[in-house]
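Quick notes on the structure that follows.
The values are calculated or read from the model by the stated rules, or taken from the named source; none is laboratory data. All values derive from a computational prediction rather than experimental measurement. Positions of Cβ are generated from backbone atoms using ideal geometry, with glycine treated the same way; all protein chains shown enter the neighbour counts. Just so you know, the surface numbers come from the protein's heavy atoms only, side chains and all, with ligands and any DNA or RNA stripped out. Shrake-Rupley method; radii C 1.70, N 1.55, O 1.52, S 1.80 Å.
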Amino acid sequence: MSASPVLTSVQDGIGTITLNRPEARNALSQAMRPALAAAIAQMRDDPTVHAVILTGAGGAFCSGGDISAMQDTSRTGLTFRKGMRELHQWFPELVDLEKPVIAAVDGPAFGAGLGLALAADFVLATRRAKFCAVFGRIGLVPDLGVMRLLPRIVGQQRAKELVFTARTVDAQEARQLGMVFDIVEDAAALTEAAQALARRFGEASTAAIGIAKTVMNQSFELDAHAMAELESYAQSMCRSSDYHQDAVRRFKDKQPLRFDWDKK
């Protein structure tokens, strides 16, 4: 029996999604797509999960689409469109997952792999990580959210340069551009750093973080008035939560708060 193209695990409140086609540098195959959709839904619906790590097996994050499958000349434009629309059904679930998502990138994050990395809230990378909007090298336009997410992270002019040139960006430049949150030495350090970051959200209000994420993800599309309205509704919901009420009680009783990022 062949191994699953996507592996999932949950331990101590941390959900991990691992792209598992190391022989193909975790290229996004047809079989991987529904498996990845199911994994995202699993993390979304598991109340014990407070943070999610997205990573790849075998020294690669994701090398992009499966080019070997693109050689099938019998597929029509409508067939391709159907496949793209299927991607668009689950990819927003990853972008808007109401839990902190950490992409742990070792090796290439090319093409669709770049889109998967940019969908995360935090990108951790090894020194050998590489990022590339590679689509132009094979005469395609960026997909899997790259044309939306990349300009929001690096700015419109720089995003156009990266897309038009399809050049490779190393981890250091990616950090300077704002694509990478932090850099570690190697794969072992990457796993440790991703888990350490995920653990720090363990005592936070997952609901408050999730709602804040959902509102902030709309900040480029909505005007100030609409954002203020969302803020009002969001705060009203959080004010009535058990977590907030417990925090107020702790403050009054001079007890330490459950979540204090400054206390490592």
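Filtered by the rule that a residue be among the basic types (Lys, Arg) and touching an Asp or Glu at 6+ places or on another chain (Cβ under 8 Å), the stretch 171-221 gives ARG175, ARG199, LYS213. Scanning the stretch 96-133 for residues that are surrounded by 24 or more Cβ atoms within 10 Å (Cβ to Cβ) and acidic (Asp, Glu) turns up just one, ASP106.
If you filter the stretch 134-185 down to residues that are open to solvent by less than 50 Å² (accessible area, probe 1.4 Å), part of a loop (DSSP other than H, G, I, E, B) and among the small types (Gly, Ala, Ser), you find that the one that is farthest from LEU197 (Cα to Cα) is ALA166. Sort out which residues of the stretch 146-185 are over 20 Å from the mean Cα position of the chain (by Cα) and without any contact (Cβ under 8 Å) to a residue 12 or more places away in the chain, and write them in order of number. Answer for the stretch 146-185, where residues must be over 20 Å from the mean Cα position of the chain (by Cα) and without any contact (Cβ under 8 Å) to a residue 12 or more places away in the chain: GLN156, GLN157, LYS160, GLU161. Among the residues making up the stretch 206-259, a single one is surrounded by fewer than 11 Cβ atoms within 10 Å (Cβ to Cβ), within 22 Å of HIS50 (Cα to Cα) and among the acidic types (Asp, Glu): ASP242. Of all residues in the stretch 186-208, those satisfying the criterion of being under 29 Å from GLY58 (Cβ atoms), in contact (Cβ under 8 Å) with a residue 60 or more places away in the chain and either part of a helix (DSSP H, G or I) or under 15 Å from the mean Cα position of the chain (by Cα) (or both) are ALA187, ALA189, LEU190, THR191, ALA193, ALA194, GLN195, LEU197, ALA198, ARG199.
Kindly check whether there is at least one residue in the stretch 229-237 that is more than 23 Å from ILE102 (Cβ to Cβ), without any contact (Cβ under 8 Å) to a residue 12 or more places away in the chain and within 24 Å of the chain's Cα centre (by Cα). The answer is no, given that none of the residues of the stretch 229-237 is more than 23 Å from ILE102 (Cβ to Cβ), without any contact (Cβ under 8 Å) to a residue 12 or more places away in the chain and within 24 Å of the chain's Cα centre (by Cα). Residues considered: GLU203, GLU192. Of these, the only one that is under 30 Å from GLN245 (Cα atoms) and either of a type in the set (D, E, K, R) or open to solvent by less than 40 Å² (accessible area, probe 1.4 Å) (or both) is GLU203.
Pairs meeting the criteria (first residue in the stretch 209-226 and not acidic (Asp, Glu), second residue not in a loop (DSSP other than H, G, I, E, B), beta carbons under 6 Å, at least 6 apart or on different chains) are ILE211/ALA234; VAL215/LEU230; VAL215/ALA234; PHE220/ARG152.
Do you know which residues across the stretch 213-251 are small (Gly, Ala, Ser) and in a helix (DSSP H, G or I)? ALA224, ALA226, ALA228, SER232, ALA234, SER236, ALA247, listed by residue number.
Number of residues in the stretch 104-124 that are in contact with a Ser or Thr (Cβ under 6 Å, 6 or more places away or on another chain) and in a strand (DSSP E or B) equals 3. Taken over the stretch 32-63, the criterion of being open to solvent by less than 40 Å² (accessible area, probe 1.4 Å), polar (S, T, N, Q), in contact with a Gly (Cβ under 9 Å, 6 or more places away or on another chain) and not in a loop (DSSP other than H, G, I, E, B) is satisfied by no residue. Residues that are part of a loop (DSSP other than H, G, I, E, B), more than 26 Å from PHE201 (Cβ to Cβ) and not small (Gly, Ala, Ser) within the stretch 10-31 comprise ARG21, ARG25, GLN30, listed in sequence order.
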